[in-house]
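Contents: one structure, followed by commentary.
Computed from the coordinates by the stated procedures, all read-outs in this text should not be read as laboratory data. Just so it is clear, the model here is predicted, and its values are computed rather than measured. With ideal geometry, Cβ positions are generated from the backbone for all residues, glycine too; neighbour counts draw on all protein chains shown.
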Ligand SMILES: Cc1cc2nc3c(=O)[nH]c(=O)nc-3n(C[C@H](O)[C@H](O)[C@H](O)COP(=O)(O)OP(=O)(O)OC[C@H]3O[C@@H](n4cnc5c(N)ncnc54)[C@H](O)[C@@H]3O)c2cc1C
Ligand code: HEM
Ligand code: SF4
Ligand code: SF4
């Protein structure tokens, strides 16, 4: 029952977001939301939030979505997404073949240290089978396989147009169903009555707090990846050099507030998905276009011009998510991908032009590296390539180095043909995992494992129940969709009683 | 060297090529994906392949005010608009009729007035405002020879310029002559053309007037397109009747030329009016102002021709026949003259771009996070 600074009784959230979280909509607009008691208030307007709202409105009438961003930034990180990973026994044109529950679960076990809460993870995997049908029923369209290609995406379904189109479809369906979506309306606090029951969501208007009465709350406000102060708690000053790939609004404010009110924590504070992005990308919201996929066809050196990891350890879709962390461990949190003309066409083109030079020394100088050091590293690498290897970008070709430390296990092409290129890499955080502990009904649990009566969570804000240190591409949306649907259903049922 | 506009198109398309989220909407993105670097010809090709459905504008997380400021329909329609003057010929005509609304309007009005004045002078007994009926009534007003030579001359001119422009375009976009004649490609492009496939914006239609997809634009374009073809067929059938069967105009209401003409005319009037309405209510952000001017000009010219054609039919037994004929012929002159330099040529470049696109193989390499 307090709007004060969250003291952080768990000791986890004591590097707070800006507090209270201001709402930029006009006070009159915010007050207009306070006139009725809502059946369900949903915090956030990303995938998890909209799935929850769309589900809730099948049972109850008054559903309010609060989004702190202006309308053009609605949909948080979901705006940047591309596909979703779901299990299926029988394939279709979009995801051909079989991808069984067992296989998806074992894929999940194979990343990082495996699921934090295996029962909940298995539950999510099982539920994932029904997600594509639900999405299509709510306006989402799938991308047809392109002409002349076999569709190779057995595991991940691509929705037409990507995440912004997904959010547009959901938001339109929601508005047609009578759901109210308020933009520039940030949940700042909760008022609790009795035992762990929220009665009001508090917005901080320019004229002071506005209380929104509600019978249930769904928290789907994302992770804390955009909160530099919070990241620094676990990563130190290195976090200053991280780029945030998605929305600047996911500062973890709701997570912090609920932890402060006694919610339990799930997941590792350092758990996150982070990849290599172009060092020239903006601090926030650079999204997919800044991702660099040059690593397996290049060598990667640090600021001192030295290699530090096996660039060809595994196929790139399985390895790309390790590189955010690897770069984070380097001095200055920066690295450089060095390749030549022969390798340039092998990976997705990048949005920023590579530094380009007629010699390794020249391009190293352009990139601000010590030319002699880089020339030596390249020469050393070239000299250790196994001459019997047969390069094949389509598979783990075993074409690697011999007697080099660290080795490059696959795709070791000599760097010899001009022009030479360098792309600068930084750590780009996709999202953080640590969040609110929940049960199978998506209820938020307190530190003793007892559920809050009418508070539910879905999406990034509870992904730490499942993800530990690794990540499976497309599973972020799966978590949000599965738990969003449950949260919406449970919140509505609670209100209806 | 690229112009500032092409630099901007290049900047945006390079980001799209690193992103590729919109590849399911239309042929532009798969065509982009098989190119790593874009030259002028590539961008001209992509611009004319874009059907301006706007799906990729609303789907883009980088649209303004995002600092990447991606607005593909806007930048591609600006490039497309430039191709209309760039490939037009001769250059002085493209300057007169292809650039700037005012100059186009003035030039074509002057031409139309000259024609109308010509008709007034040539009409026997200056019977512009008399009742003219019976066989050959039109030709009592405008001598047959004058009519035929003016319009077939104009027609040949229009055709020649469009063919020359198309060839120039084809060469610039690195099309091969063999491909232009490939039967399979022609069939695929023909189907894409006749169905206006890419105005379906990935399935649900294009995003007019705002971010809710609908088939309105595709339907109305089809009305205009097929209405125009019907009117063309009406003219051909009239020529057949007259030259091969010896039946002289005016034709009865239930004759082939009149029925085709009326149907086509009504379709064009309805279609162009609806397209103007749609344009007025549409989100202006994904459009380029210079193209909008050309759109309105073309829509107005088509509407004028169709309306005055229907008017001519309605008034053909009245004393206003002469005036109506003069206005109709004048508006036809405007349409013909602006055809090779204004929006009308879009069909030629678009068709060629679709041929090129069906020749190119498509593939993709992408996954999400
Ligand atoms: C570049 C990029 C690409 C990705 N690609 C994929 C992919 O292809 N597939 C996949 O599964 N996952 C992908 N992800 C991860 C994915 O974004 C997330 O897993 C998922 O979208 C999270 O959804 P969400 O609803 O939990 O959070 P979000 O979509 O981030 O939504 C949270 C919302 O809450 C709002 N909010 C925060 N605090 C408050 C407050 N106090 N009051 C009101 N509103 C608040 C935020 O403004 C935001 O709109 C990607 C992420 C990025 C950054
Ligand atoms: C190869 C055949 C054709 C194709 C593929 C085609 C395609 C298109 C497309 C994609 C547009 C919208 C994008 C843009 O503004 O450029 C358009 C606009 C237009 N077309 Fe066509 N077209 C064809 C032939 C014709 C013909 C024969 C006519 C009529 C004589 C016509 C009349 C129009 C008009 C009036 C517009 C403007 C509509 C508006 O601005 O809302 N088109 N065409
Ligand atoms: S328009 Fe935007 S979302 Fe679509 S491909 Fe280009 S950058 Fe990506
Ligand atoms: S506006 Fe439509 S046709 Fe043009 S590039 Fe975008 S999606 Fe393709």
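Computed values, structure above
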| quantity | calculated |
| --- | --- |
| Filter pass, residue B:67 being away from ligand 4 (no atom under 12 Å from the Cβ) and either over 24 Å from residue A:169 (Cβ atoms) or part of a helix (DSSP H, G or I) (or both) | yes |
| Checklist (1) away from every other protein chain (no Cβ under 14 Å); (2) within 16 Å of ligand 2 (Cβ to nearest atom); (3) not in a helix (DSSP H, G or I) applied to residue B:44, failing item | (3) |
| Criterion: more than 16 Å from ligand 1 (Cβ to nearest atom) and under 27 Å from residue B:82 (Cα atoms) - qualifying residue of B:184, B:217 | B:217 |
| Residue B:15, sole failed condition from (1) outside any loop (DSSP other than H, G, I, E, B); (2) within 16 Å of ligand 2 (Cβ to nearest atom); (3) within 11 Å of another protein chain (Cβ to nearest Cβ) | (2) |
| Single condition residue A:157 does not satisfy, out of (1) crowded, with 21+ Cβ neighbours inside 10 Å; (2) assigned to a helix (DSSP H, G or I) | (2) |
| Per-region count, the stretch A:444-469, residues touching a helix residue (DSSP H, G or I) at 6+ places or on another chain (Cβ under 8 Å) and in a loop (DSSP other than H, G, I, E, B) | 3 |
| Residue A:353, sole failed condition from (1) buried (at least 16 other Cβ atoms within 10 Å of the Cβ); (2) over 25 Å from residue A:473 (Cα atoms) | (1) |
| Looking only at the stretch A:169-181, and only at residues there that are surrounded by fewer than 22 Cβ atoms within 10 Å (Cβ to Cβ) and touching a residue at least 40 places away in the same chain (Cβ under 8 Å), the one that is farthest from residue B:19 (Cα to Cα) | A:178 |
| Search result, residues across the stretch A:286-302 that are out of contact with any strand residue (DSSP E or B) (no Cβ under 7 Å at 6 or more places or on another chain) and either outside any loop (DSSP other than H, G, I, E, B) or within 16 Å of ligand 4 (Cβ to nearest atom) (or both) | A:288, A:289, A:296 |
| The stretch A:66-103 - residue that is more than 30 Å from residue A:200 (Cβ to Cβ), within 11 Å of chain B (Cβ to nearest Cβ) and part of a loop (DSSP other than H, G, I, E, B) and, of those, farthest from ligand 1 (Cβ to nearest atom) | A:94 |
| The listed residue being assigned to a loop (DSSP other than H, G, I, E, B), within 14 Å of another protein chain (Cβ to nearest Cβ) and either crowded, with 24+ Cβ neighbours inside 10 Å or in contact with a helix residue (DSSP H, G or I) (Cβ under 9 Å, 6 or more places away or on another chain) (or both), out of A:472, A:441 | A:472 |
| Qualifying residue in the stretch A:133-153 (condition: more than 30 Å from residue B:27 (Cβ to Cβ) and surrounded by fewer than 21 Cβ atoms within 10 Å (Cβ to Cβ)) | yes |
